[in-house]
Structure formats: structure tokens, C-alpha cells
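The values are calculated or read from the model by the stated rules, or taken from the named source; none is laboratory data. Keep in mind that this is a model prediction, so the values were computed, not measured. Because the Cβ atoms are built from the backbone with ideal geometry, glycine has one as well, and the counts that use them run over all protein chains shown. Side chains are part of the model used for accessible areas, which takes the heavy atoms of the whole protein and leaves out ligands, DNA and RNA. Shrake-Rupley method; radii C 1.70, N 1.55, O 1.52, S 1.80 Å.
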Amino acid sequence: MAGVSKGAAGEVIAARFLREKGYTILGANVRSRFGEIDIIAAAPPYIAFVEVKTRSEDSLYAPREAVTQGKQVRILRTAALYLQGHPTDLQPRFDVIEVVTRKGRPMEAVEIDHLLGAYEAADLHTSF
């Protein structure tokens, strides 16, 4: 796929990974005035708000390192707005999916790591 950004490729790979694990994709690139959530997926008893981070295999740091506290707060606020408009009985969970791709080949995943409950709203309460 010529011209595909690394980030967009990672999100496609992550969505495919989640579907294979039995998740239903409820939304992608969901935006609010606070920020964006890459993927919203459901697998009872959870609704997962997923941040996807993609790096090539020669990267010097792990993709998860790019999910800063500020980014987490923006995701939490966007998730709260989403839940106001889409009430559910599912338990919210905040995940990170790390996608490591082959150098120069953004659609070829070398490794996918799904960090379940990577952070929680309680961890960030002082940020609100």
C-alpha cells in the first residue's frame, strides 16, 4: 500500500487484530473537542478505548512510551463524551495496542502487543 502512513497502517492492523480476538469495532478515529480515540471496541464485559501506537522495528523506544499522561487525559475526556452519547452497561477499559512493523513496510506487522487496561481514570484524577 504505497503512500499509507505508519499510523494509519497500524490502526488497520490493530482493528484486524481486535476483530480476530472477538471484538466488535464500534468506532474508529472518534474525535471530540478534547482529542481523538483511535479505536472503540466492545468485547463484553468491556468497552475498550484503544490508543494505537506504531513504530518500525528499528525504533529506539517502545510505542507505549508515546502514550503520555496528557494523551491519556485527552482520551479519557473523549471517552466520557462518547459514553454520554452512547450509554452502555459495558465496563470502560483503556488499552494500548503497540504495532511494530517491518522497516519500510508499514502494513507488515512484526509484533503486536495488546496492553489491557494500560491506564485507568483513577490514575489520572489529579489531571482533571
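Below, the figures for the structure above:
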quantity: In segment 55-102, the residues that are open to solvent by 30 Å² or more (accessible area, probe 1.4 Å), in a strand (DSSP E or B) and within 18 Å of residue 119 (Cβ to Cβ); calculated: 91, 92, 93
quantity: Set 122, 66: member being under 21 Å from residue 45 (Cα atoms) and at pLDDT below 90; calculated: 122
quantity: Qualifying residue in segment 29-49 (condition: at pLDDT below 95, open to solvent by 30 Å² or more (accessible area, probe 1.4 Å), over 17 Å from residue 113 (Cβ atoms) and out of contact with any helix residue (DSSP H, G or I) (no Cβ under 9 Å at 6 or more places or on another chain)); calculated: no
